[in-house]
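To keep things clear, I will list the structure first and then write my remarks on it.
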Amino acid sequence: MSSSRHLAPEGNRFIILLGALTAQGAISVDVLLPSLPSMVRELSMTSAAAQLTIGLYIGGFAAGQLGWGWLSDWVGRRPVILAGTGGYALTTFMCSFSHSGEELLFWRLLLGICAAAPITVSRAVLRDHFTGRLLARRMAAMTTVFFLSPMLAPALGTFLLYSFGWRSVFWVPGLISVIALGFAWVFLGESHAISKRKRSSFLQILGTFRDMILHPVSGPCLMIQAGMSAGIMTWISSSSLILTGYYQIPNRYYALFFTATAAVQLSGTISCNHLLRTHTLPKVMEWGGIFVGSGAVLLFLCTVPFNAPLWAVMSSIWIFMYGFGLMVPATSGMALHAFGLVGGLAAALLGSAQSLFGSIGSIVSASLYNGTASSLGEGMGMAAAFACLMLLILSLRLRREPELVDHPPEADTPLNEQKTST
């Protein structure tokens, strides 16, 4: 499908639109956190049930990615993004009308399934248009827009809660989703040509997953992303308890720390985009690994053998997060590069691995928590060690076989321009 109204993939407005669509998933978690105690009181929920509003959402999100990715390879990217975004808007509003804990949990599960569509398929859209370093740069630009959500959502959630009550934390994301749906309907074209569409059988799906995991480049990149996600979820799941409990930070200031951490991640993705103009993907990944590893080591030292002050702990976390921002776009681009014909399934596997390891990170963090900050250092340290080990394996492999990432010159050119030039 083509139209003069559809945005050109090389333009910034195209990336802003995709970034806004993907940010919906993060908004649904971050904006809700300040309202959990109010939900417990009004809906007569237990604290454990309130936590399930996050857990069921993440579970639905993880499962939904596989279905949406498979469907987008079959029917195209645009209808899947529109369907998922429309479903997200509907289920968000239904959450606000819930009159019992069970009803809210049901809609949160469906909300997670719908939220998976735009973030999964948007990656596939970029893979349809770009390869090589340019793919990673566009991933970095989209991720930059995405990180605006965790920067703003906690403060927005707090404002809505105290101004209009907990139900309002669903109204604004729902309204944003309706607006995003309208823009996508008008300005987002189809990127997956009919001639390339494929309805994969169950065995073919398993084969694609096997090929991606065993691929000499995509496999390690997948594991790097998984390890980094475990580290991020360790921070997200334990930061509130540690900052407000152990360090006695007032609740009203917690959002500032969360926002500052997201801003550091944002600066990492911006740096990744600029560095890829002149440096190779492996080099940028290695620099990101240095920051991640250094931050994790410092954080471990600050929280396990020593009882360091808060400024030292947060500085270590921010070093880690900057490296995360450098690594994620580069590893995403390299992971998807070889799987253009099944970009939906490949993006789904990438997202599912992130969700799975993120859940593991949350569980490990909860099991390690002892009332101090040591669980943060131990959890993020283990995640960083795994990611850096995978990065080391990949780096050594690429030094032995540099042709694995030596793309032809046209690999840094949009695919539509490649076709025109030929």
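One residue is enough: does the range 298-320 have a residue meeting the conditions touching a Lys or Arg at 6+ places or on another chain (Cβ under 9 Å) and either under 20 Å from residue 268 (Cα atoms) or in contact (Cβ under 8 Å) with a residue 40 or more places away in the chain (or both)? For the range 298-320, residues touching a Lys or Arg at 6+ places or on another chain (Cβ under 9 Å) and either under 20 Å from residue 268 (Cα atoms) or in contact (Cβ under 8 Å) with a residue 40 or more places away in the chain (or both): absent. Checked against (1) surrounded by fewer than 22 Cβ atoms within 10 Å (Cβ to Cβ); (2) outside the structural domain of residue 387 (by TED's automatic domain parsing), residue 192 passes all but a single condition, namely (1).
Here 94, 139 are screened, and the one residue that is closer than 30 Å to residue 327 by Cβ and touching a Phe, Trp or Tyr at 6+ places or on another chain (Cβ under 9 Å) is 139.
Suppose we keep only residues that are surrounded by fewer than 22 Cβ atoms within 10 Å (Cβ to Cβ) and assigned to a helix (DSSP H, G or I) within the range 329-346. Which one would you say is nearest to the chain's Cα centre (by Cα)? Before the answer, list the steps.
From the range 329-346, those surrounded by fewer than 22 Cβ atoms within 10 Å (Cβ to Cβ) are 338-341; that's our starting set.
Those still in the list that are assigned to a helix (DSSP H, G or I) too: 340-341.
Details: 340: 20, 341: 22 Å.
It comes out as 340.
When each of 284, 264 is tested for being out of contact with any Cys (no Cβ under 9 Å at 6 or more places or on another chain) and either of a type in the set (A, V, I, L, M, F, W, C) or closer than 24 Å to residue 139 by Cβ (or both), the lone residue that passes is 264.
Yes or no, residue by residue, for (1) charged (D, E, K, R); (2) closer than 24 Å to residue 332 by Cβ:
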| position | (1), (2) |
| --- | --- |
| 187 | no, yes |
| 199 | yes, no |
| 204 | no, yes |
| 213 | no, yes |
| 218 | no, yes |
| 239 | no, no |
| 252 | yes, no |
| 273 | no, yes |
| 278 | no, yes |
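Counting only helices (runs of 4 or more DSSP H) that fall entirely inside the range 31-112 and contain at least 1 residues that are in contact with a Cys (Cβ under 9 Å, 6 or more places away or on another chain) and either more than 30 Å from residue 340 (Cβ to Cβ) or at pLDDT 90 or above (or both), the qualifying elements are 47-75, 77-96. Looking only at the range 230-261, residues that are modelled with pLDDT of 90 or more, of a type in the set (Ser, Thr, Tyr) and under 18 Å from the mean Cα position of the chain (by Cα) come to 1 in all. Among the candidates 391, 356, 349, 326, the residue that is over 15 Å from the mean Cα position of the chain (by Cα), part of a helix (DSSP H, G or I) and not assigned by TED's automatic domain parsing to the domain that holds residue 117 is uniquely 391. Take residue 69 and decide whether it is small (Gly, Ala, Ser) and crowded, with 21+ Cβ neighbours inside 10 Å. Judged against the criteria, residue 69 is a match.
The values are calculated or read from the model by the stated rules, or taken from the named source; none is laboratory data. This structure is a prediction, so every number in the text was calculated from the model and none was measured. Ideal geometry is used to build each Cβ from the backbone, glycine not excepted, and the neighbour counts take in all protein chains shown.
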